[in-house]
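The numbers here are math on the coordinates, done by the rules we state, and not lab data. Given the structure is predicted, the values throughout are model-derived calculations rather than measurements. Ideal geometry is used to build each Cβ from the backbone, glycine not excepted, and the neighbour counts take in all protein chains shown.
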Ligand SMILES: NC(=O)c1ccc[n+]([C@@H]2O[C@H](COP(=O)([O-])OP(=O)(O)OC[C@H]3O[C@@H](n4cnc5c(N)ncnc54)[C@H](OP(=O)(O)O)[C@@H]3O)[C@@H](O)[C@H]2O)c1
């Protein structure tokens, strides 16, 4: 139980990587505040965690809203006494269109959901962690735009690369006061957001995407959750300001 006596906030917890991470953090002893927009999915996650003997509470809302970012931290303080870990993971891939075809509203939606939400999260999470004498902030980025350019994904890449600058700034702003800040960069992961699970996806597309990775497969959400656990826990106590690839070698594969 490496997160015993810790309280963690997990965004994007209704599905995929966030859901798996909330469950893993709870299994490792953390009390967990979970959020996303879909209340029913959050309720079933809380029920699962409680059935397993853990403690969790849900607050549904939109990560693009400042009031929601503040309310989440208030819930962590009121229900569990404070905040030690924040996994800011909610994100969308958005419209996959070439840049010249992309609307300003699509671009803006991607930046709001993937990047501005991270700023809003940090703005309220950092003071709460300082009250506890430190903590660990983690943001979910991606290899797309970091190590690989992908057509039709420029807004996604720009929003997720922005997280890396945000993290480096936050890490030096607050490192002296015990706060570590890192980004996690998953490779292709088998979640509803993956293009391999789109309604028009074919077995050939899955084989193609798997083949891009050195490991010749995609990750499970649980594998990415274990990397988030590393960044959340004292196992990474001297790690801050980094972009941690958990990408199955998609960044280095050329075969
Ligand atoms: N799957 C991959 O291959 C992959 C690879 C690299 C990085 N990532 C990143 O990993 C993160 C998790 O994605 P996933 O693959 O686990 O996809 P997912 O299963 O679709 O999960 C996305 C989560 O984000 C939440 N979300 C989206 N927009 C939101 C909003 N405006 N307000 C609140 N919550 C919102 C969704 O909840 P609601 O719909 O209930 O609001 C959902 O819980 C994302 O940041 C994604 O970019 C994924």
Sole miss for residue 192 among (1) surrounded by 13 or more Cβ atoms within 10 Å (Cβ to Cβ); (2) under 21 Å from the mean Cα position of the chain (by Cα); (3) within 12 Å of the ligand (Cβ to nearest atom) is condition (1)
Whether any residue in segment 220-238 is surrounded by 19 or more Cβ atoms within 10 Å (Cβ to Cβ) and assigned to a loop (DSSP other than H, G, I, E, B) is what I want to check. no
Among the residues listed as 118, 76, the single one being buried (at least 20 other Cβ atoms within 10 Å of the Cβ), within 22 Å of residue 180 (Cβ to Cβ) and within 14 Å of the ligand (Cβ to nearest atom): 118
Given (1) over 14 Å from residue 22 (Cα atoms); (2) buried (at least 19 other Cβ atoms within 10 Å of the Cβ); (3) within 10 Å of the ligand (Cβ to nearest atom), where does residue 64 come up short, assuming only one miss? (2)
Among the residues of segment 195-221, how many are under 21 Å from residue 243 (Cα atoms) and near the ligand (Cβ under 9 Å from one of its atoms)? 3
Being over 13 Å from the mean Cα position of the chain (by Cα), farther than 20 Å from residue 248 by Cα and either within 14 Å of the ligand (Cβ to nearest atom) or surrounded by fewer than 22 Cβ atoms within 10 Å (Cβ to Cβ) (or both) narrows it down to one residue among 108, 125; which is it? 108
Just to be sure, is residue 37 out of contact with any strand residue (DSSP E or B) (no Cβ under 7 Å at 6 or more places or on another chain), within 10 Å of the ligand (Cβ to nearest atom) and part of a loop (DSSP other than H, G, I, E, B)? yes
